[in-house]
Ligand code: HEM
């Protein structure tokens with residue numbers, strides 16, 4: 001199935017006829033957009049996201065992924081396929097970045113976009129992981145609460161992080177961005193009655209789920225340590241920056257859950273590095289928005305492609 005799906009990327013591309021009938025049926029069933037899908041809003045969110053890709057990427061790496069790893073039970077599932085070390089981790093993180101790019105673009109759900117297809121491939125991955133883990137345990141892995149928690153990491157946490165980085169995100173922009181992810185969440189299999197209808201409701205539920213799920217775990221700490229090591233390797237000139245940024249964005253409590261060592265003079269370190277006052281300005285200040293919008297995506301795609309050794313992102317099910 002992975003091989004058959006490898007070369008299909010755009011929403012409007014026909015599915016390979018050799019796919020099993022049940023998969024074709026499932027893909028058809030899962031292609032329906034929710035009745036509340038608001039194309040204008042979602043397009044606006046895509047355009048906004050495009051103009052803020054550098055900050056969104058930072059939020060994703062330094063806040064969304066770390067806070068997902070802080071959910072103890074979920075971290076065990078994330079680690080269960082064993083593909084969270086070295087190059088495997090790089091591939092997964094880059095695939096996740098590609099997934100985010102597929103979703104947060106103006107035409108994500110249109111004919112030439114890729115979100116519909118990527119979402120259904122990820123849904124298959126989750127189903128495969130669920131099936132293989134359920135054979136060994138009574139727990140339901142990647143259940144509705146887990147999916148909601150992760151959805152909020154990609155939406156609510158990103159908006160809060162951007163604000164913390166000094167970006168002015170209006171209530172309407174936050175709402176648009178959430179509606180984009182709400183669509184993706186429903187298509188990933190989150191049941192309608194469980195999915196908050198608005199950004200403020202989602203922010204509230206995100207806190208409740210975090211309170212229930214967050215706690216120290218061996219797997220969560222190992223996942224975070226691997227992520228931090230890879231981030232540090234990418235910025236050898238500012239080795240301490242990723243850890244400081246993570247702490248700044250997720251807060252001391254989650255940093256402690258992740259086992260992030262607390263430097264005695266953390267705030268001093270930040271002011272010495274001039275990181276926090278400088279970073280948002282550097283990211284959103286000098287270059288005009290059109291330049292950021294037109295450079296961020298190709299640059300990110302180039303980084304992802306280089307890091308995946310030129311291989312296309314396939315969202316293949318783990319074997
Ligand atoms: C809205 C929610 C979610 C989104 C958007 C999402 C997205 C993705 C994406 C893009 C991939 C392919 C990249 C990769 O291999 O890592 C993936 C794979 C995977 N996801 Fe999710 N995910 C979500 C929720 C979850 C949750 C809650 C769990 C478990 C607690 C989970 C566990 C996994 C696992 C185990 C894989 C396969 C890893 C492998 O390649 O070995 N996901 N997901």
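Residue-level analysis places residue 17 outside the set of residues that are under 24 Å from the mean Cα position of the chain (by Cα) and modelled with pLDDT of 90 or more. Here residue 166 passes the criteria (1) closer than 23 Å to residue 210 by Cα; (2) more than 9 Å from the ligand (Cβ to nearest atom) except the one numbered (1). Scanning region 125-148 for residues that are part of a loop (DSSP other than H, G, I, E, B) and either within 18 Å of the chain's Cα centre (by Cα) or more than 8 Å from the ligand (Cβ to nearest atom) (or both) gives 135, 136, 137, 138, 139, 140, 142, 143. Considering only residues in region 149-168 that are crowded, with 19+ Cβ neighbours inside 10 Å and outside any helix (DSSP H, G or I), the one that is farthest from the chain's Cα centre (by Cα) turns out to be 165. Of the residues that sit in region 1-43 and are in contact with a helix residue (DSSP H, G or I) (Cβ under 7 Å, 6 or more places away or on another chain) and assigned to a helix (DSSP H, G or I), which one is farthest from residue 176 (Cα to Cα)? Looking at residues that are in contact with a helix residue (DSSP H, G or I) (Cβ under 7 Å, 6 or more places away or on another chain) and assigned to a helix (DSSP H, G or I), I get 5.
Taken over region 169-197, the criterion of being away from the ligand (no atom under 15 Å from the Cβ), farther than 17 Å from residue 208 by Cα and outside any helix (DSSP H, G or I) is satisfied by 169, 170.
Taking (1) within 23 Å of residue 222 (Cβ to Cβ); (2) free of Cβ contacts under 8 Å to residues at least 12 places away in the same chain; (3) more than 7 Å from the ligand (Cβ to nearest atom) in turn, residue 92 satisfies each apart from (3). Within region 135-149, residues that are closer than 11 Å to residue 188 by Cα and touching a residue at least 40 places away in the same chain (Cβ under 8 Å) have Cβ atoms under 7 Å from residues that are outside any helix (DSSP H, G or I) and more than 10 Å from the ligand (Cβ to nearest atom) in these pairs: 144/191, counting only partners at least 6 apart in sequence or on another chain.
The values are calculated or read from the model by the stated rules, or taken from the named source; none is laboratory data. Since the structure is predicted, the reported quantities are computational estimates derived from the model, not experimental observations. Don't worry about glycine lacking a Cβ; one is built from the backbone with ideal geometry, like all the others, and counts go over all protein chains shown.
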